[in-house]
């Protein structure tokens, strides 16, 4: 198999962007009853526009920073039937937490609720928007399953619901969907759960149409999980390049894009563009993907705004270098 | 230390009351007498410099009045558990706020030079607690692994050549943790022990974030406590403890695991079952058992607390090794809720104590 001659390279935010110091103050004040929701809403809207404008200038997709989201799961856990919001639980990254979703009965999607929670700025440019959703495997792994059904059955149900969700969002003009699924590499599924995960993504894929689906993983060496990742039907499979030796990566599946988390928000140290380009090229040479999607490995909101912006600019530099000089 | 079963202890910070709130609390939990003859005047006055002492005296009285056997000052003088110790060191720069959850943030620093201790910390606050407490004292201090994990590692990582992948990050983090342990924690712990501090809780809440780094948590703990004679415990919260075992068991000077459980206790899931694993490893250290959830307002009933203790004792196979406490610091709760939760810890422990005593008769 020969590598595609004109392999396109894209880049974009893959998760929440940090709230500005002004938003930090405002949300704290709201929390303590010292500010009204209206003022904070105005600030959110202005901040989302700023982030989206920066993304528009630098990248392929826009997110608006998902500044209002308290965690990745809340938009589902607070709106779909069967879910409630449970205890504060440590997330995979430094000093961050989420509210564990509790599933008391088989979940039922409530139409319109996910769309309503997307940053409003995305509604103005749905064709460029990257819609974030918690991957079905990760959601099933983190939730407190009280349904009496197996986790595999829950994953399958989530796959079906996400297929419906995609159909609804596609009708609104959205065309890029990222399933953030870090548990696929943190605790790779096997047996029944692996089958259920593959089935869930097949169900989602059947609803994909002409849209782009990205499965984004991070936070662990993806190598042990490639057995599963390489069989996931999706447009792009993302891995955390800061967690893996690029030279050890095997060839990837034909016709699938490669997502590479190359910006590490766990340090303020800026990435070295020369080294990064070299490692990206090595990964691409090994995996031979149809396209390359670059982004921050983990959530950029692990950083304060200033270093986050510096890292975004560095990501844009690396994107430009790869486009200019060729990815592989 | 008490000989009775299920002694009770504090575990972390409390909300910081305003002067007005302190005046209101004085009615319910009298505390100004602990500050000597000038205490009432300090409470009546508006001198901002009096507030730290008032808050500390109040927190000690608050915890003792709730009935705890081991107390501290609710960390009344600390900004919080990360920023306060980092500000006693050189080599760091604070950059801005990052989100912990929802609208809760902390100010995060980056290490830009080798870690150096400017001055041992928590000494004055310990002196105050020692002089004003009427029960046993346990001092909480943030551990080196957590200080490193909650910081940005710039200096040590920049020393790694080439692409900074996992092996380079690990090596840099190890250097950082060990430097913090040797250069900052150890001299501080030594100074505290020299002042009479005998019971010290090393807080390592970050331990659960990267279970594959449990050995690093232990290395930091062992480096920090090396050669220091005190009763050390390790507090870890919101973690899958199974994933940290057996690596954690190599923490040599640790005499107690103080862990959170109640937060995850539900009809379908029994978080206390992990204690069975400790038993299987033959670990005989005591447990600081989290029996009330610190992130929700509803106050646990004493019977609920006693049930949690009962389950823990059955998994552990030895009730004499159990201390009871809240899951974590109660800082995010209103003081009236925190007080009721602490009372529930004490009442539930008493209930369980009576049950165990009668079953032995």
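The values are calculated or read from the model by the stated rules, or taken from the named source; none is laboratory data. Please read these numbers as outputs of a predicted model, since none were measured by experiment. With ideal geometry, Cβ positions are generated from the backbone for all residues, glycine too; neighbour counts draw on all protein chains shown.
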Flag if residue A:249 is more than 10 Å from chain B (Cβ to nearest Cβ), within 25 Å of residue A:183 (Cα to Cα) and either within 20 Å of the chain's Cα centre (by Cα) or surrounded by 23 or more Cβ atoms within 10 Å (Cβ to Cβ) (or both)
no
Checking the conditions here, which among B:312, B:253, B:247 is in contact with a strand residue (DSSP E or B) (Cβ under 8 Å, 6 or more places away or on another chain), surrounded by fewer than 22 Cβ atoms within 10 Å (Cβ to Cβ) and more than 22 Å from residue A:100 (Cα to Cα)?
B:253
Within segment A:265-301, which residues are under 23 Å from residue A:64 (Cβ atoms) and either within 12 Å of chain B (Cβ to nearest Cβ) or assigned to a helix (DSSP H, G or I) (or both)?
A:265, A:297, A:298, A:299, A:300, A:301
Quick one: residue A:162 ticks every box in (1) at negative phi; (2) touching a residue at least 24 places away in the same chain (Cβ under 8 Å); (3) part of a strand (DSSP E or B) bar one, so which box is it?
(3)
Within segment B:184-241, restricting to residues that are within 14 Å of another protein chain (Cβ to nearest Cβ) and part of a loop (DSSP other than H, G, I, E, B), the one that is modelled with the highest pLDDT is B:204
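Yes/no per residue for (1) closer than 29 Å to residue B:142 by Cβ; (2) more than 14 Å from chain A (Cβ to nearest Cβ):
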position: B:247; (1), (2): yes, yes
position: B:256; (1), (2): yes, yes
position: B:267; (1), (2): no, no
position: B:280; (1), (2): no, yes
position: B:283; (1), (2): yes, yes
position: B:295; (1), (2): yes, no
position: B:299; (1), (2): yes, yes
position: B:304; (1), (2): no, yes
Spot the failing condition for residue B:287; the list is (1) under 18 Å from residue B:348 (Cα atoms); (2) within 14 Å of chain A (Cβ to nearest Cβ), and only one is missed.
(2)
Can you confirm whether segment B:112-134 contains a residue that is facing another protein chain (nearest Cβ under 10 Å), within 29 Å of residue A:72 (Cα to Cα) and modelled with pLDDT of 95 or more?
no
Only one of B:66, B:59, B:76 is out of contact with any helix residue (DSSP H, G or I) (no Cβ under 8 Å at 6 or more places or on another chain), surrounded by 20 or more Cβ atoms within 10 Å (Cβ to Cβ) and farther than 21 Å from residue A:93 by Cβ, namely B:59
Which residues, taken from segment A:242-266, are under 28 Å from residue A:203 (Cα atoms) and in contact with a strand residue (DSSP E or B) (Cβ under 7 Å, 6 or more places away or on another chain)?
A:252, A:256, A:257, A:258, A:259, A:260, A:261
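Got at least one residue in segment B:69-86 being assigned to a strand (DSSP E or B) and under 22 Å from residue B:187 (Cβ atoms)?
Going residue by residue through segment B:69-86, those that are assigned to a strand (DSSP E or B) are B:70-71.
Filter again for under 22 Å from residue B:187 (Cβ atoms), leaving none.
Among the residues of segment B:69-86, not one is assigned to a strand (DSSP E or B) and under 22 Å from residue B:187 (Cβ atoms), which makes the answer no.
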Residue satisfying all of: in segment A:71-105; in contact with a helix residue (DSSP H, G or I) (Cβ under 6 Å, 6 or more places away or on another chain), assigned to a strand (DSSP E or B) and more than 12 Å from chain B (Cβ to nearest Cβ); surrounded by the most Cβ atoms within 10 Å (Cβ to Cβ) among these
A:101
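Just the residues that are assigned to a loop (DSSP other than H, G, I, E, B), more than 15 Å from residue A:177 (Cα to Cα) and more than 12 Å from chain B (Cβ to nearest Cβ), please, taken from segment A:227-245.
Going residue by residue through segment A:227-245, those that are assigned to a loop (DSSP other than H, G, I, E, B) are A:230-235, A:244-245.
When the remaining residues are screened for being more than 15 Å from residue A:177 (Cα to Cα), the result is A:230-231, A:244-245.
Passing the criteria: A:230, A:231.
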Tell me, yes or no, whether segment B:165-182 has at least one residue that is over 19 Å from the mean Cα position of the chain (by Cα), part of a loop (DSSP other than H, G, I, E, B), on the phi > 0 side of the Ramachandran plot and free of Cβ contacts under 8 Å to residues at least 40 places away in the same chain.
no
Expected single match for touching a helix residue (DSSP H, G or I) at 6+ places or on another chain (Cβ under 8 Å) and either buried (at least 18 other Cβ atoms within 10 Å of the Cβ) or within 20 Å of residue A:132 (Cα to Cα) (or both) among A:35, A:52, A:39 is A:52
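Please work out which residue is nearest to the other protein chains (Cβ to nearest Cβ), limiting yourself to segment B:92-103 and to residues that are surrounded by 17 or more Cβ atoms within 10 Å (Cβ to Cβ) and out of contact with any helix residue (DSSP H, G or I) (no Cβ under 7 Å at 6 or more places or on another chain). Reasoning before the result, please.
So in segment B:92-103, the residues surrounded by 17 or more Cβ atoms within 10 Å (Cβ to Cβ) come out as B:92, B:95-101, B:103.
Remaining after also requiring out of contact with any helix residue (DSSP H, G or I) (no Cβ under 7 Å at 6 or more places or on another chain): B:100-101.
Working: B:100: 5, B:101: 4 Å.
If we take residues in segment B:92-103 being surrounded by 17 or more Cβ atoms within 10 Å (Cβ to Cβ) and out of contact with any helix residue (DSSP H, G or I) (no Cβ under 7 Å at 6 or more places or on another chain), then B:101 is nearest to the other protein chains (Cβ to nearest Cβ).
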Residue satisfying all of: in segment B:135-152; at the interface with chain A (Cβ under 7 Å from one of its Cβ atoms) and crowded, with 24+ Cβ neighbours inside 10 Å; farthest from residue B:10 (Cα to Cα) among these:
B:152
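How many residues does segment A:182-203 contain that are in contact (Cβ under 8 Å) with a residue 60 or more places away in the chain, in contact with a helix residue (DSSP H, G or I) (Cβ under 7 Å, 6 or more places away or on another chain) and part of a helix (DSSP H, G or I)?
Kept after step one, since they are in contact (Cβ under 8 Å) with a residue 60 or more places away in the chain, are these residues of segment A:182-203: A:182, A:186, A:197, A:200-201.
Okay, now just the ones that are also in contact with a helix residue (DSSP H, G or I) (Cβ under 7 Å, 6 or more places away or on another chain), so A:182, A:197, A:200-201.
Then drop every residue that is not part of a helix (DSSP H, G or I), which leaves A:197, A:200-201.
So the answer is 3.
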Of A:48, A:56, A:22, the only residue that is at pLDDT 95 or above and either assigned to a loop (DSSP other than H, G, I, E, B) or within 14 Å of chain B (Cβ to nearest Cβ) (or both) is A:22
